[in-house]
């Protein structure tokens with residue numbers, strides 16, 4: 001049976017507006033940052049995001065401030081995130097927790113399954129000839145973006161549900177996209193795994209993210225005595241704090257650093 005991404009309402013706070021986090025939240029903390037919608041604004045195409053000129057230096061400063069307890073945790077492939085950020089020296093977790101890139105650039109990841117290879121071909125065939133649909137072939141998944149064709153959302157979602165069920169893949173929803181990927185990993189699992197490392201053990205996790213995919217990490221952070229920070233408009237969430245947009249994230253990180 002197809003696995004589905006857990007609903008944000010599971011273990012969530014009431015849908016009341018949350019306050020901005022204090023900079024001192026990072027005292028004795030390990031910091032985890034989503035990429036799209038958190039460090040960079042969303043774009044119509046994943047390859048069209050704009051990375052601000054000072055972001056690489058800011059991440060380097062934060063890493064020093066936290067004695068290396070900094071990780072980027074993204075749904076993108078780890079190599080893609082590293083390239084976008086100018087090959088940072090911090091840890092990068094890609095593909096919703098399926099890939100781990102260390103500070104030296106070495107990536108550990110499972111091989112792609114035959115089911116995922118079949119899914120890539122099926123999604124590409126579905127999108128062919130449908131203007132506005134974009135297929136993102138990831139190391140551990142395949143995403144179908146309909147941001148440029150919102151009228152196709154219902155058809156795309158229905159197709160993805162049926163395909164995931166047929167191939168036994170995990171169905172991940174997101175902002176104007178749907179993704180099929182191999183199961184067994186998510187951002188919450190990744191956070192717990194990293195918090196077991198010697199450098200992060202005994203600290204409190206702080207996770208910043210904007211999408212449904214970040215809710216597992218918000219819940220994992222709370223369970224370990226830390227907190228999630230929602231980026232963007234208020235919604236039902238397991239986060240305890242909120243920042244309104246990417247610009248506010250950069251300002252808060254600068255203050256914290």
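The values are calculated or read from the model by the stated rules, or taken from the named source; none is laboratory data. Please read all numbers here as calculations on a predicted model, not as lab measurements. Neighbour counts run over all protein chains shown; Cβ positions are idealised from the backbone, glycine included.
For the reader, a short list of remarks on this structure follows.
- Failed item in (1) under 22 Å from residue 47 (Cβ atoms); (2) crowded, with 17+ Cβ neighbours inside 10 Å; (3) assigned by TED's automatic domain parsing to the domain that holds residue 43, with residue 100 passing the rest: (1)
Matching residues to (1) surrounded by fewer than 18 Cβ atoms within 10 Å (Cβ to Cβ); (2) in contact with a helix residue (DSSP H, G or I) (Cβ under 9 Å, 6 or more places away or on another chain); (3) modelled with pLDDT of 95 or more:
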{"position": "6", "(1), (2), (3)": "yes, yes, no"}
{"position": "19", "(1), (2), (3)": "yes, no, yes"}
{"position": "33", "(1), (2), (3)": "no, yes, yes"}
{"position": "41", "(1), (2), (3)": "yes, yes, yes"}
{"position": "50", "(1), (2), (3)": "yes, no, yes"}
{"position": "69", "(1), (2), (3)": "no, yes, yes"}
{"position": "72", "(1), (2), (3)": "no, yes, yes"}
{"position": "80", "(1), (2), (3)": "no, yes, yes"}
{"position": "83", "(1), (2), (3)": "yes, no, yes"}
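- Residue selected from segment 202-221 under the condition surrounded by fewer than 20 Cβ atoms within 10 Å (Cβ to Cβ) and outside any helix (DSSP H, G or I), by the criterion nearest to the chain's Cα centre (by Cα): 204
- Test: residue 123 is in contact with a strand residue (DSSP E or B) (Cβ under 6 Å, 6 or more places away or on another chain), closer than 22 Å to residue 61 by Cβ and surrounded by 23 or more Cβ atoms within 10 Å (Cβ to Cβ): no
- Meets criteria (outside the structural domain of residue 102 (by TED's automatic domain parsing) and either surrounded by fewer than 20 Cβ atoms within 10 Å (Cβ to Cβ) or under 28 Å from residue 135 (Cβ atoms) (or both)) for residue 224: no
- Residues satisfying the stated conditions in segment 149-191, i.e. more than 16 Å from residue 110 (Cβ to Cβ), within 21 Å of the chain's Cα centre (by Cα) and part of a loop (DSSP other than H, G, I, E, B): 175, 176
- Of the listed requirements (1) surrounded by fewer than 21 Cβ atoms within 10 Å (Cβ to Cβ); (2) at negative phi, residue 181 misses just one: (1).
- For residue 197, the conditions (1) modelled with pLDDT of 95 or more; (2) surrounded by fewer than 23 Cβ atoms within 10 Å (Cβ to Cβ) all hold with the exception of (1).
- Residue in segment 40-48 that is over 24 Å from residue 244 (Cα atoms), assigned by TED's automatic domain parsing to the domain that holds residue 215 and in a loop (DSSP other than H, G, I, E, B) present: no
- Qualifying residue in segment 129-148 (condition: within 28 Å of residue 231 (Cβ to Cβ), assigned to a helix (DSSP H, G or I) and free of Cβ contacts under 8 Å to residues at least 24 places away in the same chain): no
- Total residues in segment 222-236, condition more than 16 Å from residue 39 (Cβ to Cβ) and not in a loop (DSSP other than H, G, I, E, B): 3
- Here residue 89 meets the list (1) closer than 30 Å to residue 27 by Cα; (2) part of a helix (DSSP H, G or I) almost entirely, failing just condition (2).
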